[in-house]
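Q: Structure in structure tokens, see below.
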Amino acid sequence: MMNANRSWWNEETVAVITGGNKGIGFEVCKQFANLGFRVILTARDADRGQKALVALRNEGFQTVSFHQLDVSNKASVADFASWISQEHGHVDILVNNAGTNGVYVDELYVKENNMKLEDLLWSEQQSSKGFIVEYESAKACMETNYYGAKHVIRALLPLLRSSSRGARIINVGSLFGQLHNLRSSKLQQELADVDHLSDALIDQVLEMYLNDVKQKIWEDKGWPLKFPSYKMSKIALHAYTRLLATQLEKDVPKVFVNCVHPGFVRTDITSGMGNISAQEGAENIVRVALLPPNECPSGQLFLEKKVGQF
Ligand SMILES: NC(=O)c1ccc[n+]([C@@H]2O[C@H](COP(=O)([O-])OP(=O)(O)OC[C@H]3O[C@@H](n4cnc5c(N)ncnc54)[C@H](OP(=O)(O)O)[C@@H]3O)[C@@H](O)[C@H]2O)c1
């Protein structure tokens, strides 16, 4: 029996981070490396990934290695899963961090209205004005933020189940993925009903959204008006986390899966805006990943440090 006072992790712990070359993902890699973990920093671009690896090694973190992983590319996911299976045989922590905001700003609108980019992006006003939502970028956002995370989980699940310690999956979620962001109360109710959640339902919702974007009628439906693609991808990721938690409930040792909103973090995805640093955002993720088994829930959304509402 594990002693509840002892850490469940040690220097043998294998941690995989997607999108580890910069921002929050890079800081998560550093914090895990600081604990002596065997950190697998992954990035879609090999050069950017190698540079991040060199930066960490130069700071003295020798337990970090790099492997290419584009989460939106099924062949890349399969190649990574096969490599890590041979190299380590198991995974203890998976942080699905890779993400994109799926947004193009209408620069003409910003200029004509004499706005600051900041006002357009982060004002409370619920309007689609100033945002360009196109099918290709909406689809790419789903492929990375939702399907990418899901494919990585599915490919690594046998390795996570091989962890003798009770593996952890952290899906990096968002306040923007909370269900109140949907304007349709019917969709809110359907996605809140954990007992009836399914992969098919989540797929169906995303297909409806993408179809409305393709037909340029999305603003007339119940989708979020600001950052609609990003919000839909995180809503889907949150729903999948709850679904997966029920599917993994009976696993022994248990595989825990939770979402963490890291905070409003100054990184490239927010154009450098935010109220905390990437290091602080990463701390919110690492803290949940390291919770002792007797204190670790599964199927929850952490809003920075506290469990919050889906
Ligand atoms: N910053 C915030 O306020 C905030 C708030 C809530 C949630 N989040 C979430 O936090 C996560 C990290 O974002 P961040 O703030 O650190 O932004 P960031 O600095 O822009 O980092 C995003 C990372 O994702 C990678 N990425 C994008 N597409 C990928 C793909 N197909 N395969 C693999 N990697 C891919 C990027 O790689 P490249 O360098 O190659 O583009 C980059 O490493 C995201 O999931 C984001 O949604 C952020």
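The values are calculated or read from the model by the stated rules, or taken from the named source; none is laboratory data. The structure presented is a predicted model; accordingly, all values stated were derived computationally and were not measured. Every residue, glycine as well, gets a Cβ built from its backbone with ideal geometry; the counts of neighbours run over all protein chains shown. In case anyone asks, the SASA skips ligands and DNA or RNA and just uses the protein heavy atoms, side chains included. Shrake-Rupley method; radii C 1.70, N 1.55, O 1.52, S 1.80 Å.
Q: Can you give me the number of residues within the stretch 247-267 that are more than 15 Å from the chain's Cα centre (by Cα) and near the ligand (Cβ under 10 Å from one of its atoms)?
A: Residues flagged as more than 15 Å from the chain's Cα centre (by Cα) and near the ligand (Cβ under 10 Å from one of its atoms) within the stretch 247-267 amount to 1.
Q: Moving on. Within the stretch 62-78, which residues are in contact with a Leu (Cβ under 8 Å, 6 or more places away or on another chain) and either away from the ligand (no atom under 16 Å from the Cβ) or not in a strand (DSSP E or B) (or both)?
A: 65, 76, 77, listed by residue number.
Q: Still on this model: Here are some conditions: (1) hydrophobic (A, V, I, L, M, F, W, C); (2) farther than 24 Å from residue 268 by Cβ; (3) in contact with a Cys (Cβ under 6 Å, 6 or more places away or on another chain). Residue 9 meets all but one. Which one does it not meet?
A: The single condition residue 9 does not satisfy is (3).
Q: Find the helices (runs of 4 or more DSSP H) located wholly in the stretch 166-279 whose residues include 2 or more that are closer than 18 Å to residue 95 by Cβ, and list them.
A: 228-248
Q: List pairs: first residue in the stretch 5-24 and free of Cβ contacts under 8 Å to residues at least 40 places away in the same chain, second residue surrounded by 24 or more Cβ atoms within 10 Å (Cβ to Cβ) anywhere in the structure, Cβ distance under 8 angstrom, at least six positions apart or on different chains.
A: These pairs meet every condition: 21/41; 21/43.
Q: Search the stretch 280-295 for residues being over 14 Å from the mean Cα position of the chain (by Cα) and part of a helix (DSSP H, G or I), and hand back the single one that is nearest to the ligand (Cβ to nearest atom).
A: Once the filter is applied, the top-ranked residue is 280.
Q: Something else now. Checking the condition more than 16 Å from the chain's Cα centre (by Cα), crowded, with 21+ Cβ neighbours inside 10 Å and within 30 Å of residue 142 (Cβ to Cβ), which residue from 71, 91, 95 passes?
A: 91
Q: Of all the residues that make up the stretch 167-201, how many are of a type outside the set (Val, Ile, Thr) and crowded, with 20+ Cβ neighbours inside 10 Å?
A: Final tally of qualifying residues: 10.
Q: Do we find that residue 164 is in contact with a helix residue (DSSP H, G or I) (Cβ under 9 Å, 6 or more places away or on another chain) and either closer than 22 Å to residue 72 by Cα or small (Gly, Ala, Ser) (or both) in this structure?
A: No.
Q: Can you report the number of residues in the stretch 220-246 which are of a type in the set (Phe, Trp, Tyr) and more than 13 Å from the ligand (Cβ to nearest atom)?
A: Number of matching residues: 2.
Q: Now, a different point. Within the stretch 2-58, how many residues are open to solvent by less than 80 Å² (accessible area, probe 1.4 Å), touching a Pro at 6+ places or on another chain (Cβ under 9 Å), of a type in the set (A, V, I, L, M, F, W, C) and assigned to a loop (DSSP other than H, G, I, E, B)?
A: 2
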